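> Attaching a single structure in structure tokens format; questions to follow.
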Ligand SMILES: Nc1ncnc2c1ncn2[C@@H]1O[C@H](COP(=O)(O)OP(=O)(O)O)[C@@H](O)[C@H]1O
Ligand SMILES: [Mg+2]
């Protein structure tokens with residue numbers, strides 16, 4: 001059966017809302033239209049602020065909850081216009097919402113973006129709240145994308161890893177047999193790079209385009225080793241993290257008493273991303289044919305970062321998900337469209353081996369339009 005779904009996703013980077021319209025036909029998924037709708041500057045600020053404990057959070061959360069839904073609706077309407085479709089053509093929206101707190105240790109995770117309002121504004125059924133059922137079953141509620149990666153990208157007999165370089169980096173390990181899939185967040189991808197760039201290069205750009213500033217710095221090996229000593233990197237999976245753990249406050253603590261040039265710190269943060277990922281990839285046995293690493297997320301546009309990663313992984317074939325037929329910018333959004341389709345057909349969306357949940361479960365809640 002052919003059905004169209006829209007996936008709406010805004011990740012930890014808060015660069016914008018990814019809106020992805022897909023056609024799903026059996027096991028096939030094709031992106032028909034996609035766009036990134038940037039957050040209005042004042043909202044990005046308010047959302048960043050909500051990610052850190054502070055005053056009067058409940059009122060601020062309530063206001064932001066509605067505003068996020070309004071922006072998600074605007075992104076949806078722009079996407080429909082781009083595709084030349086009406087709401088009636090869409091079976092459902094899968095809305096991830098915006099995470100403002102992810103605390104698996106405390107057994108809660110919070111995404112906002114009022115799904116009832118989104119359904120009312122778009123006239124399309126909305127599936128939202130994808131993470132809480134997995135958490136109710138003892139899981140981390142994250143990452144949810146490995147099931148999607150497995151369904152679309154796995155190849156029998158081949159070891160493939162999908163690496164998403166968003167604010168946080170996550171990997172899905174697809175060993176070529178469905179039972180063996182696992183995945184977890186490896187730690188920061190861009191969150192520290194973005195934060196440090198914004199603090200020291202106040203040019204109005206939210207990130208180091210093309211990784212050029214980092215590339216002009218020099219690696220500080222002692223700082224790199226200090227940062228890599230963070231216990232998260234050595235912890236076994238299942239594990240997931242958010243921007244709460246890898247903050248500029250944490251970095252400032254590690255830098256205390258030093259006088260490094262900011263550009264050299266940026267270069268070292270790039271190395272932190274690359275080394276922490278490389279260390280957590282599966283160990284290879286001699287007999288293995290060449291393993292494949294497919295990169296997606298905004299970090300796929302950072303050439304110096306990718307070449308540093310490649311230098312650490314000489315035995316791997318590294319490419320972007322373009323080579324698998326899905327543009328790197330739209331993988332996460334397409335995953336939430338796919339999860340909406342799983343919900344509509346009451347199929348499980350989680351992989352217990354990935355999240356640590358006690359069993360498979362249908363993920364999400366329906367807000368009929
Ligand atoms: N041209 C580029 N050069 C370097 N980094 C980029 C570029 N485009 C995007 N990025 C990085 O990717 C991030 C956004 O990635 P994204 O996959 O959208 O993450 P999230 O899922 O957290 O929103 C940006 O904040 C930035 O760090
Ligand atoms: Mg994004």
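The values are calculated or read from the model by the stated rules, or taken from the named source; none is laboratory data. Just so you know, these numbers come straight off a predicted model, no measurement behind them. Please note: Cβ atoms are built from the backbone with ideal geometry, for glycine as well, and neighbour counts cover all protein chains shown.
> State all residues of region 11-31 that are outside any loop (DSSP other than H, G, I, E, B), touching a residue at least 60 places away in the same chain (Cβ under 8 Å) and within 12 Å of ligand 2 (Cβ to nearest atom); if no residue qualifies, say none. Break it down into steps so the answer makes sense when it comes.
Residues of region 11-31 outside any loop (DSSP other than H, G, I, E, B): 16-25, 28-31.
Subsequent filtering for residues that are touching a residue at least 60 places away in the same chain (Cβ under 8 Å) retains 18-22, 24, 29, 31.
Answer for region 11-31, where residues must be outside any loop (DSSP other than H, G, I, E, B), touching a residue at least 60 places away in the same chain (Cβ under 8 Å) and within 12 Å of ligand 2 (Cβ to nearest atom): 18, 19, 20.
> Exactly one condition in (1) touching a residue at least 40 places away in the same chain (Cβ under 8 Å); (2) within 21 Å of the chain's Cα centre (by Cα); (3) within 28 Å of residue 22 (Cβ to Cβ); (4) away from ligand 1 (no atom under 16 Å from the Cβ) is not met by residue 344; state its number.
The number of the failed condition is (2).
> Same structure, new question: Any idea how many residues of region 189-245 are closer than 18 Å to residue 10 by Cα, touching a strand residue (DSSP E or B) at 6+ places or on another chain (Cβ under 9 Å) and not in a helix (DSSP H, G or I)?
7
> Of all residues in region 84-128, which are surrounded by fewer than 19 Cβ atoms within 10 Å (Cβ to Cβ) and within 19 Å of the chain's Cα centre (by Cα)?
Result: 103, 108, 110.
> Surrounded by fewer than 17 Cβ atoms within 10 Å (Cβ to Cβ), modelled with pLDDT of 95 or more and touching a strand residue (DSSP E or B) at 6+ places or on another chain (Cβ under 6 Å): which single residue out of 340, 300, 310, 334 fits that description? Show your work before the answer.
Working: 340 fails: surrounded by fewer than 17 Cβ atoms within 10 Å (Cβ to Cβ); 300 fails: surrounded by fewer than 17 Cβ atoms within 10 Å (Cβ to Cβ); 334 fails: surrounded by fewer than 17 Cβ atoms within 10 Å (Cβ to Cβ).
So the residue among 340, 300, 310, 334 that is surrounded by fewer than 17 Cβ atoms within 10 Å (Cβ to Cβ), modelled with pLDDT of 95 or more and touching a strand residue (DSSP E or B) at 6+ places or on another chain (Cβ under 6 Å) is 310.
> Looking for whichever is under 18 Å from the mean Cα position of the chain (by Cα) and touching a residue at least 24 places away in the same chain (Cβ under 8 Å) here; the options are 334, 361, 365, 271. Which one fits?
Just a single option satisfies the conditions, and that option is 334.
> Which ones in region 274-297 are in contact (Cβ under 8 Å) with a residue 12 or more places away in the chain and either surrounded by fewer than 14 Cβ atoms within 10 Å (Cβ to Cβ) or in a loop (DSSP other than H, G, I, E, B) (or both)? Spell out the reasoning first.
So in region 274-297, the residues in contact (Cβ under 8 Å) with a residue 12 or more places away in the chain come out as 274-282, 284, 288-297.
The answer is 279, 281, 282, 284, 288, 289, 290, 291, 297.
> Which ranges mark the strands (runs of 3 or more DSSP E) fully within region 52-170 that have 3 or more residues being in contact (Cβ under 8 Å) with a residue 24 or more places away in the chain and within 15 Å of ligand 1 (Cβ to nearest atom)? Give the derivation first.
Values: elements: 92-103, 108-112, 126-128, 160-165.
Fully inside region 52-170 and qualifying: 92-103, 160-165.
> Right, something else. Assigned to a loop (DSSP other than H, G, I, E, B) and either within 13 Å of ligand 2 (Cβ to nearest atom) or touching a helix residue (DSSP H, G or I) at 6+ places or on another chain (Cβ under 7 Å) (or both) - does that describe any residue in region 32-46? Step through it out loud before you land on a result.
In the first step, residues of region 32-46 are kept if they are assigned to a loop (DSSP other than H, G, I, E, B); the result is 39-40.
Add one more test, that the residue is either within 13 Å of ligand 2 (Cβ to nearest atom) or touching a helix residue (DSSP H, G or I) at 6+ places or on another chain (Cβ under 7 Å) (or both), and what stays is 39.
For region 32-46, residues assigned to a loop (DSSP other than H, G, I, E, B) and either within 13 Å of ligand 2 (Cβ to nearest atom) or touching a helix residue (DSSP H, G or I) at 6+ places or on another chain (Cβ under 7 Å) (or both): present.
> Consider residue 8 carefully, then state whether it is within 16 Å of ligand 2 (Cβ to nearest atom), under 18 Å from the mean Cα position of the chain (by Cα), buried (at least 19 other Cβ atoms within 10 Å of the Cβ) and in a helix (DSSP H, G or I).
Numbers: within 16 Å of ligand 2 (Cβ to nearest atom): yes; under 18 Å from the mean Cα position of the chain (by Cα): yes; buried (at least 19 other Cβ atoms within 10 Å of the Cβ): yes; in a helix (DSSP H, G or I): no.
For residue 8, the condition - within 16 Å of ligand 2 (Cβ to nearest atom), under 18 Å from the mean Cα position of the chain (by Cα), buried (at least 19 other Cβ atoms within 10 Å of the Cβ) and in a helix (DSSP H, G or I) - is not met.
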